[in-house]
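Below is one structure, written out as structure tokens, with a few remarks after it.
The values are calculated or read from the model by the stated rules, or taken from the named source; none is laboratory data. In this text, all values refer to a predicted model and were calculated from it rather than measured experimentally. Side chains are part of the model used for accessible areas, which takes the heavy atoms of the whole protein and leaves out ligands, DNA and RNA. Shrake-Rupley method; radii C 1.70, N 1.55, O 1.52, S 1.80 Å.
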Amino acid sequence: DLIRVVRDNTGNVFVEVAGRANGRGAYLKKDIEVIKKAKMNKILDRRLEVEVPDSIYEVLLDII
């Protein structure tokens, strides 16, 4: 399974749980190690072209 993280047109970043929200999205595998590696390597920052706050990673880990 995958989790989608979205950046909307105003620059807000959020974890999408249901549906398909508009905006630039990036998918991550539902795996704790993948989430930790994404945070360490700032993968989401590059994909979403914005600085992703640590709170987003906490939400991702809570979902898993």
Which condition from (1) within 13 Å of R4 (Cα to Cα); (2) open to solvent by 70 Å² or more (accessible area, probe 1.4 Å) is the one that D62 breaks? (1)
Residue list for the range 21-61, filter: part of a helix (DSSP H, G or I) and among the aromatic types (F, W, Y): Y57
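Residue by residue, here is whether (1) under 17 Å from L61 (Cα atoms); (2) open to solvent by 100 Å² or more (accessible area, probe 1.4 Å) holds:
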| position | (1), (2) |
| --- | --- |
| D1 | yes, yes |
| V5 | yes, no |
| D8 | no, no |
| V13 | yes, no |
| E16 | yes, no |
| A26 | yes, no |
| D31 | yes, no |
| K36 | yes, yes |
| R46 | no, yes |
